[in-house]
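Trainee: One structure, pasted below without further comment.
The values are calculated or read from the model by the stated rules, or taken from the named source; none is laboratory data. All of these numbers come straight from a predicted model, not from anything done at the bench. Here Cβ is always computed from backbone atoms with ideal geometry, including for glycine, and neighbour counts include all displayed protein chains. These accessible areas exclude ligands, DNA and RNA; they are computed on the full protein's heavy atoms, side chains included. Shrake-Rupley method; radii C 1.70, N 1.55, O 1.52, S 1.80 Å.
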Amino acid sequence: MSARAPYVSTRGGVAPASFSEVALEGLAADGGLYVPAHIPEVTAQELGAWRYLEYPALCRAVLAKFIADIDAKTLSRLIDTTYTATRFGSSEITPLSMLTDRLGILHLSNGPTLAFKDIAMQWLGALFEHLLGASGKRLNILGATSGDTGSAALSAMANKARIRVFMLSPYGKMSPFQAAQMYSVDSDNCINLALRGVFDEAQDIVKEINRDAAFKADYAIGTVNSINWARLVAQVVYYFKGYFAATTSNVERVSFCVPSGNFGNLYAGHLARRMGLPVAKLVCATNENDVLHEFFQTGRYRPRAASGVLATSSPSMDISRASNFERLIFDLHDGDAAAVSRDWSLLAEHGEFSVSAEGRRRVAEDFGFVSGASTHLERIEAIRYAHRHFGVFLDPHTAAAFAVAKRVAQATPMIVLETAQPTKFEATLGEALGFVPPRPARFEGLEGRAQHVSVIDASTSAVRAEIVRRCSECPIRGA
Ligand SMILES: *Cc1c(COP(=O)(O)O)cnc(C)c1O
């Protein structure tokens with residue numbers, strides 16, 4: 001990989017950029033997403049050696065494939081201080097439990113905020129601190145959350161010098177635990193803005209503000225959403241880890257079933273597979289908001305209007321326009337940015353686009369995608385089943401994947417990715433089981449803590465005004 005310019009935009013309208021530039025910039029100025037000009041490959045020899053690595057060493061090996069402009073010593077320091085047993089509950093970081101010899105759960109949610117978002121976000125916090133410290137720059141992070149990104153981001157960025165976080169959340173659309181967890185963060189660099197609207201509107205506002213190049217530059221706007229490439233690379237690691245834990249040799253294959261919303265998690269799995277990890281199928285599991293499922297079934301991508309997004313018992317997946325989907329389409333077009341731009345013009349004009357029959361074949365056969373949607377009742381049933389038969393508690397997102405995994409039985413073992421701890425969704429667990437699983441002591445009384453949040457309209461101008469006001473009142477610490 002060339003050190004100077006390995007990343008390009010999916011829309012082809014900006015100059016190539018380095019990993020560090022891409023991490024700080026987030027969304028490309030042409031409205032596209034940054035992707036590597038070439039997806040790196042893993043040789044059979046590397047794969048053989050990687051099997052025996054501990055999580056931090058495996059992380060270094062994977063990330064080195066994507067990062068050419070941070071020296072090895074610094075990269076090791078950032079990774080070693082991030083992925084610790086203290087922070088993630090065990091030195092395995094992402095332990096695997098096999099429920100049967102055909103079905104496993106990869107535990108991704110043992111980090112500080114009990115959601116898999118911690119894995120990428122804790123790394124992003126360390127990375128930002130390093131990059132900003134080295135360059136003397138500062139950053140106003142503008143993020144949108146459907147529930148878990150917000151907490152994970154605030155936990156990773158609270159009290160960090162040179163960083164301020166503006167986190168947009170859909171007011172009243174998250175679980176009480178999720179809302180309390182995020183709004184109770186008391187750090188003067190963390191600003192919660194609850195919008196009277198849904199997640200897609202929040203995400204659109206983030207994108208619109210990012211498209212205003214002058215404003216973005218004036219206020220040093222960055223992002224922690226999975227449109228930020230730096231997050232995705234950290235998620236590639238646990239696919240390797242999960243694969244090695246489930247197999248004894250690299251001739252075996254496994255499939256992964258992933259509860260999907262913004263398609264970041266599953267896209268990381270796609271990257272791992274394209275790099276050469278022996279993955280059979282990548283199963284996209286949705287809830288009732290089934291835009292991605294519809295795409296994998298029909299080749300037609302037809303996001304719903306904000307008013308058509310349902311509030312479900314798996315709120316972190318209540319998303320209609322999955323940002324990272326554009327990265328998949330870029331890959332499907334073999335890196336042809338003009339073709340991606342054409343699809344997104346169709347989307348703007350007609351509200352949908354379709355891929356060709358050959359495109360559908362490649363998505364299914366060459367990329368290995370399978371999909372399924374779940375209903376509330378199926379998730380409730382999955383939670384009951386997993387508890388009754390295996391004694392495990394599933395949160396309603398992991399339950400969505402569990403329900404779909406059972407339906408799309410494959411020739412290879414299936415690994416369901418656990419994306420959150422059930423304690424974050426007590427109402428649904430109570431509905432399914434008649435009782436709620438015990439809550440970790442540090443979250444006792446969470447809902448009773450003081451909350452720090454402003455409720456505002458779901459409009460770009462309202463959010464922009466908040467950014468301007470807060471920045472004029474108080475410059476970022478250390479700036
Ligand atoms: C964010 C989230 C998802 C969706 O992940 P994407 O990467 O956006 O597809 C699923 N489950 C939980 C619990 C989440 O927090």
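Trainee: Can you pull out every residue in the range 277-306 that is of a type in the set (S, T, N, Q) and surrounded by 23 or more Cβ atoms within 10 Å (Cβ to Cβ)? Give the derivation first.
Mentor: Initially, the range 277-306 is screened for residues of a type in the set (S, T, N, Q), giving 286-287, 289, 297-298.
Across the range 277-306, the qualifying residues are 286, 287, 289.
Trainee: Answer with yes or no whether residue 256 is open to solvent by less than 10 Å² (accessible area, probe 1.4 Å), within 13 Å of the ligand (Cβ to nearest atom), closer than 23 Å to residue 310 by Cα and modelled with pLDDT of 95 or more. Break it down into steps so the answer makes sense when it comes.
Mentor: Values: open to solvent by less than 10 Å² (accessible area, probe 1.4 Å): yes; within 13 Å of the ligand (Cβ to nearest atom): yes; closer than 23 Å to residue 310 by Cα: no; modelled with pLDDT of 95 or more: yes.
It is false that residue 256 is open to solvent by less than 10 Å² (accessible area, probe 1.4 Å), within 13 Å of the ligand (Cβ to nearest atom), closer than 23 Å to residue 310 by Cα and modelled with pLDDT of 95 or more.
Trainee: Output the residues belonging to the range 126-152 that are part of a helix (DSSP H, G or I) and under 22 Å from residue 74 (Cα atoms). Break it down into steps so the answer makes sense when it comes.
Mentor: Just the residues of the range 126-152 that are part of a helix (DSSP H, G or I), to begin with: 126-135, 148-152.
Residues satisfying the conditions are 126, 127, 128, 129, 130, 131, 132, 133, 134, 135.
Trainee: Related question: Filter the range 89-114 for residues that are assigned to a loop (DSSP other than H, G, I, E, B), open to solvent by 30 Å² or more (accessible area, probe 1.4 Å), under 24 Å from residue 441 (Cα atoms) and not small (Gly, Ala, Ser) and give the result.
Mentor: Of everything in the range 89-114, those that are assigned to a loop (DSSP other than H, G, I, E, B), open to solvent by 30 Å² or more (accessible area, probe 1.4 Å), under 24 Å from residue 441 (Cα atoms) and not small (Gly, Ala, Ser) turn out to be 92, 110, 112.
Conditions (1) small (Gly, Ala, Ser); (2) over 18 Å from residue 258 (Cα atoms), marked per residue:
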site: 371; (1), (2): yes, no
site: 380; (1), (2): no, no
site: 384; (1), (2): no, yes
site: 388; (1), (2): no, yes
site: 400; (1), (2): yes, no
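Trainee: For the subset of the range 268-327 comprising residues that are acidic (Asp, Glu) and not in a helix (DSSP H, G or I), which member is farthest from residue 370 (Cα to Cα)? Talk me through it step by step, then tell me what you get.
Mentor: Step one: list which residues in the range 268-327 are acidic (Asp, Glu), which gives 288, 290, 294, 318, 326.
The next check asks that each one be not in a helix (DSSP H, G or I); those that pass are 288, 290, 318.
Values: 288: 17, 290: 13, 318: 20 Å.
Here the residue is 318.
Trainee: When the range 115-125 is examined, which residues are found to be within 11 Å of the ligand (Cβ to nearest atom) and open to solvent by 10 Å² or more (accessible area, probe 1.4 Å)?
Mentor: 116, 117
To keep it simple, each residue is scored yes or no on (1) touching a strand residue (DSSP E or B) at 6+ places or on another chain (Cβ under 8 Å); (2) open to solvent by 60 Å² or more (accessible area, probe 1.4 Å); (3) modelled with pLDDT of 95 or more.
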{"position": "398", "(1), (2), (3)": "yes, no, yes"}
{"position": "401", "(1), (2), (3)": "yes, no, yes"}
{"position": "418", "(1), (2), (3)": "yes, no, yes"}
{"position": "422", "(1), (2), (3)": "no, no, yes"}
{"position": "431", "(1), (2), (3)": "no, yes, yes"}
{"position": "442", "(1), (2), (3)": "no, yes, no"}
{"position": "445", "(1), (2), (3)": "no, no, no"}
{"position": "449", "(1), (2), (3)": "no, yes, yes"}
{"position": "453", "(1), (2), (3)": "yes, no, yes"}
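Trainee: Same structure, new question: Given the criteria surrounded by fewer than 24 Cβ atoms within 10 Å (Cβ to Cβ) and in a strand (DSSP E or B), does residue 159 qualify? First the steps, then the outcome.
Mentor: On the way: surrounded by fewer than 24 Cβ atoms within 10 Å (Cβ to Cβ): yes; in a strand (DSSP E or B): no.
Taking the combined requirement at face value, the residue does not satisfy it.
Trainee: Conditions first: (1) without any contact (Cβ under 8 Å) to a residue 40 or more places away in the chain; (2) surrounded by fewer than 18 Cβ atoms within 10 Å (Cβ to Cβ); (3) in contact with a Phe, Trp or Tyr (Cβ under 6 Å, 6 or more places away or on another chain). Residue 28 passes all but one, so which condition is the exception?
Mentor: (2)
Trainee: Right, here's the next one. Quick one: which helices (runs of 4 or more DSSP H) lie wholly within the range 177-250 and hold at least 1 residues that are within 16 Å of the ligand (Cβ to nearest atom)?
Mentor: On the way: elements: 199-211, 213-218, 229-246.
The helices (runs of 4 or more DSSP H) meeting that bar are 199-211, 229-246.
Trainee: Which of the residues belonging to the range 356-388 are farther than 22 Å from residue 334 by Cβ, open to solvent by 50 Å² or more (accessible area, probe 1.4 Å) and of a type outside the set (A, V, I, L, M, F, W, C)?
Mentor: 375, 376, 378, 381, 384, 385, 387, 388
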